[in-house]
Amino acid sequence: MILNVDKVYVMHYRPLTERLTHIDSHLKQHGIDYSLFDMEPEVDLQDYFINDFDLRKSKLSNFPGNLPKKEVKSSEISLAYKHVRALEDMVKNNAETALFLEDDAILCNDFSNLANHFVNSTPADWDMIFPGNGCNLRIDSRRLQQGKHSYKKSHPATKCTDSYFIKLSAAKKLISTIKPFNIAIDWELNYQLFLHDLSVYWFEPFLVQQGSTGAGTGIWQTAIQ
């Protein structure tokens, strides 16, 4: 079964070579081709990131109970940079739909078949879909309905960034305002989705697990904590 997306992007941190070995083998087993984004910001960092605490505070003020950190870690900057560069590539190549994965993602058995079915059964207004169980975030069990797999999520709408489907129209909106980012990518996306009032869905049951400690199966230590 072929996964019905135009592009698959994988975000990878080069020093963690075992993760690249994992994701490369894993996606080959699923018959999924991908584009690897493992570059680090060099001379262009100022175009992508600004260290502004007041702006971080302003963004997070839209989500009561979430306080900004004084500094953004270099590992968080690196990951966000890769996500934004991949979004730019998606727009440049006019990919109508894409799947974004981080290098610790673990897909379920028969992923492509199930993902195609779940996406096709999602209401057509979707902009982004989160298929995973990042940070063990789930739809309230009281909302679950037999035979239903996609549930619309209010803002804040991300559940980490280990995996998400996105449409080209949404990527264009994100790119128009996300640079320069100034916060970790999960919260930057939360703000951007809120800013553009994008339509976001979560899958239940989930189809992707994180392999990082504290966020999923715990195969590896998380690289951004």
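Numbers at a glance
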item	result
Accessible carbon and sulfur surface of the chain relative to its total accessible area, %, 1.4 Å	50 percent
Using alpha carbons only: equivalent-ellipsoid semi-axes of region 88-221, gyration tensor based, whole Å	22, 18, 15
Reciprocal mean inverse distance between Cα atoms of region 114-185 - Kirkwood radius, Å	13.8 Å
log10 of Debye I(q)/I(0), alpha-carbon scatterers only, for region 43-98 at 0.19, 0.29, 0.30 Å⁻¹	-0.82, -1.12, -1.15
Of the DSSP H helices in the chain, those whose Cα atoms cover at least 24 Å axially and whose Kyte score averages -1.0 or more	74-92
Theoretical ellipticity at 222 nm over the chain - DSSP helices of four or more residues, -39500 (n - 2.57) apiece, nearest 500	-10000 deg cm²/dmol
Given charges at beta-carbon only (K, R positive; D, E negative), |dipole| of region 129-171 in Debye	200 debye
Student exercise, the chain dipole from Lys, Arg, Asp, Glu Cβ charges, in Debye to nearest 20	700 debye
Amide proton proximity set for S35, modelled H, under 5 Å, gap of 5+	V8, Y9, V10
More than 19 angstrom apart: percent of Cα pairs within region 1-120	58 percent
Sites D52 and Q29 - FRET efficiency at Förster radius 41 Å, r taken between beta-carbons, to 0.05	0.45
Most mobile listed residue (L107, L174, L67) in the chain, GNM with C-alpha springs under 10 Å	L67
Prolate/oblate/rounded label for region 54-163 (Cα gyration tensor, a/c 1.5)	oblate
Residue with peak Gaussian network fluctuation, the chain [Cα springs, cutoff 10 Å], from L101, L55, L79	L55
Per residue accessible area of the chain, 1.4 Å probe, in Å²	47 Å²
Region 40-90-region 99-138 distance, computed between alpha-carbon centres (Å)	24 Å
Förster-model FRET efficiency, 41 Å R0, D89 and Q145, C-beta, rounded to 0.05	0.65
Check: region 1-133 dipole with +1 on Lys, Arg Cβ and -1 on Asp, Glu Cβ, in debye	380 debye
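The values are calculated or read from the model by the stated rules, or taken from the named source; none is laboratory data. Everything quoted here is computed from the prediction, not taken from an experiment. Every residue, glycine as well, gets a Cβ built from its backbone with ideal geometry; the counts of neighbours run over all protein chains shown. All accessible areas refer to the heavy atoms of the entire protein, side chains included, with ligands and DNA or RNA removed. Shrake-Rupley method; radii C 1.70, N 1.55, O 1.52, S 1.80 Å.
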